[in-house]
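Undergrad: I have a structure here, written as structure tokens, and I will follow up with some questions on it.
The values are calculated or read from the model by the stated rules, or taken from the named source; none is laboratory data. Keep in mind that this is a model prediction, so the values were computed, not measured. Neighbour counts are summed over all protein chains in view; Cβ atoms, including those assigned to glycine, are modelled from backbone coordinates with ideal geometry. Protein only, heavy atoms only, side chains kept; ligands, DNA and RNA dropped before computing areas. Shrake-Rupley method; radii C 1.70, N 1.55, O 1.52, S 1.80 Å.
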Amino acid sequence: MWPAGLSIGSILTINFGNLAATSAAAGFLNEERPKTGSVDVPAQNLAADTYKRYDVTLSMDNANAISQVSVNYSLETFWNVAISGKVIAPFDGSSHDYASPTYTVSSQVFFSGTTLTVITLVQENTGGTTAVPAFTVNVSASVFEAPF
Amino acid sequence: MSIADHTAIAMAVPAYDTDKIIGVLEGSLACSAPAAFSFSSANTTHDTGFGEACLFQGIFSMDGGTTWNDFGAQLPDTSDSSFVQPQTLDCNATMLDGDLRVVATNWYNSVASTSTARTATYKVALYTRKNQGDIERLPISQVLAYRTSRNFQKIAFDDSVAFSLSTSDDQTATVLHNLGYIPRVRAFFVRDDNGRVVPLGFVDAAAGEDYYVEVRVDTTTVTFFQDASFASMNVAGRIEYRVYLDD
């Protein structure tokens, strides 16, 4: 029952389709589009027990924010979430081989100042020379502000 | 006065839920200079008073708050162009009941042959799990803004799947999201034996624990995968995950 004398002057209709829930406490603010980058790894013969390093750097301000980074190695059809800042993918040629990888691709994610770096190492595993096919390391990163 | 036509009143019912932050903790952990080719570690426990575990996201700094990194970053030293020291300082946490245990690990630099004492300064945002029930949140000094003019990361799917870490059998669990694009995903491992909530990829070198699980995402599916060759523990549990609507 509305109080006496109060009338409804207009009806406010809100398009709720895009609203985040206004629940009891806030979530993680998402007000920036993801940033992407890539680096090409050329076909090569890796010498025994050596590695090559390939970096992707993105300008991102993570002040008072958490980040989420995903990495795609173009030899794979999916993206890898950099869970706890790392991705590890063992290969033999163009396919995964966990039991006896001839080389391992691993990526680590870290910030230095306002630069996000994804450092990818292609590591030879056999103790002999290993052929690595050409592929691309693709990176997608987002930051979400938290009430720190 | 009564409302003549209540069907004409539109109610703003949000279509998607967000993570519900219920507290922020901060602190620091000092790690001694490690022995050669080894590591040192330190840990502390925060009693949140919740009485039960929740989810969390943390950041830490090695330089007193100038640069921050997410928990688990391990902070590789890339200053030597000919070699990478993959780990310098790491900070991460797990949660058991209402206690958040924060662990910092400090590694010897085998490239430069140096041993350095380091302090991890950290901040942790605590947020609720699905169907957590009633929890009185911690006081937060920052403004918790949930005005509809701002966009928060929105939850598309919030659920769990059975998943046990195994050194003898490969483990796979798939979740269909069918969003048509690559979404963001967060995931935690929850142990069956004690309910401890552990971020996937959590490593505690001192305790010999490694919860690395691959999280593969394409335009329709999230796949959690662990090859037995890469496992170091046998632990029964579940993976609690959130697939976010935002890409």
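Undergrad: Taking segment A:134-148 only, how many residues are assigned to a strand (DSSP E or B) and away from every other protein chain (no Cβ under 14 Å)?
TA: 3
Undergrad: Further question: Could you please find all residues in segment A:92-101 being in contact (Cβ under 8 Å) with a residue 24 or more places away in the chain and either under 14 Å from A:Phe135 (Cβ atoms) or of a type in the set (A, V, I, L, M) (or both)?
TA: A:Gly93, A:Ser94
Undergrad: Against the condition closer than 20 Å to B:Asn92 by Cβ and surrounded by 18 or more Cβ atoms within 10 Å (Cβ to Cβ), how does B:Asp246 come out, does it pass?
TA: So B:Asp246 fails the test.
Undergrad: Does B:Leu89 qualify as being touching a residue at least 24 places away in the same chain (Cβ under 8 Å), touching a Gly at 6+ places or on another chain (Cβ under 8 Å) and farther than 30 Å from B:Ala15 by Cβ?
TA: No, not satisfied.
Undergrad: Here's another thing I want to ask about it. Confirm whether B:Ala35 is open to solvent by 30 Å² or more (accessible area, probe 1.4 Å), in a loop (DSSP other than H, G, I, E, B), modelled with pLDDT of 95 or more and among the hydrophobic types (A, V, I, L, M, F, W, C).
TA: Here the answer is yes, as B:Ala35 does meet what is asked.
Undergrad: Select from segment A:121-133 the residues that are surrounded by fewer than 22 Cβ atoms within 10 Å (Cβ to Cβ) and under 15 Å from B:Pro86 (Cβ atoms) and write down the one among them that is nearest to the other protein chains (Cβ to nearest Cβ).
TA: The residue in question is A:Leu121.
Undergrad: Confirm whether B:Ala187 is out of contact with any Gly (no Cβ under 8 Å at 6 or more places or on another chain), crowded, with 21+ Cβ neighbours inside 10 Å and at the interface with another protein chain (Cβ under 8 Å from one of its Cβ atoms).
TA: Yes: the conditions hold for B:Ala187.
Undergrad: Pull up segment B:105-115, narrow it to residues that are within 14 Å of chain A (Cβ to nearest Cβ) and under 26 Å from the mean Cα position of the chain (by Cα), then point me to the one that is most open to solvent (accessible area, probe 1.4 Å).
TA: B:Trp107
Undergrad: Residues being buried (at least 23 other Cβ atoms within 10 Å of the Cβ) and in a loop (DSSP other than H, G, I, E, B): count how many of those fall in segment B:55-67.
TA: Final tally of qualifying residues: 0.
Undergrad: Right, here's the next one. Can you tell me which residue is farthest from the other protein chains (Cβ to nearest Cβ) among those in segment A:52-87 that are part of a strand (DSSP E or B) and surrounded by fewer than 18 Cβ atoms within 10 Å (Cβ to Cβ)?
TA: Per the stated criteria, the residue is A:Ser59.
Undergrad: Moving to a separate point now. For the condition modelled with pLDDT of 95 or more, part of a strand (DSSP E or B) and open to solvent by less than 10 Å² (accessible area, probe 1.4 Å), what is the one hit in A:Val39, A:Val105?
TA: A:Val105
Undergrad: On to the next question. For residues that are farther than 12 Å from B:Ala93 by Cα and part of a strand (DSSP E or B), scanning just segment B:190-208, find the one that is nearest to the other protein chains (Cβ to nearest Cβ).
TA: Within segment B:190-208, the match that is nearest to the other protein chains (Cβ to nearest Cβ) is B:Val190.
Undergrad: For segment B:126-133, state whether one or more residues are among the charged types (D, E, K, R) and either in contact with a helix residue (DSSP H, G or I) (Cβ under 6 Å, 6 or more places away or on another chain) or surrounded by fewer than 18 Cβ atoms within 10 Å (Cβ to Cβ) (or both).
TA: Checked segment B:126-133: at least one residue is among the charged types (D, E, K, R) and either in contact with a helix residue (DSSP H, G or I) (Cβ under 6 Å, 6 or more places away or on another chain) or surrounded by fewer than 18 Cβ atoms within 10 Å (Cβ to Cβ) (or both).
Undergrad: Looking for whichever is away from chain A (no Cβ under 11 Å), open to solvent by less than 30 Å² (accessible area, probe 1.4 Å), out of contact with any helix residue (DSSP H, G or I) (no Cβ under 7 Å at 6 or more places or on another chain) and not polar (S, T, N, Q) here; the options are B:Val84, B:Val102. Which one fits?
TA: The match here is B:Val102.
Undergrad: Working carefully through the options B:Asp70, B:Asp77, B:Asp90, find the one that is open to solvent by less than 60 Å² (accessible area, probe 1.4 Å) and in contact with a helix residue (DSSP H, G or I) (Cβ under 7 Å, 6 or more places away or on another chain).
TA: That would be B:Asp70, the only listed residue that is open to solvent by less than 60 Å² (accessible area, probe 1.4 Å) and in contact with a helix residue (DSSP H, G or I) (Cβ under 7 Å, 6 or more places away or on another chain).
Undergrad: Right, something else. So B:Gln153 ticks every box in (1) open to solvent by 10 Å² or more (accessible area, probe 1.4 Å); (2) within 13 Å of chain A (Cβ to nearest Cβ); (3) over 22 Å from A:Ala89 (Cα atoms) but one. Which box is left unticked?
TA: (1)
Undergrad: Can you tell me which residue within segment B:226-243, out of those that are within 14 Å of chain A (Cβ to nearest Cβ) and open to solvent by 30 Å² or more (accessible area, probe 1.4 Å), is modelled with the highest pLDDT?
TA: This residue is B:Glu240.
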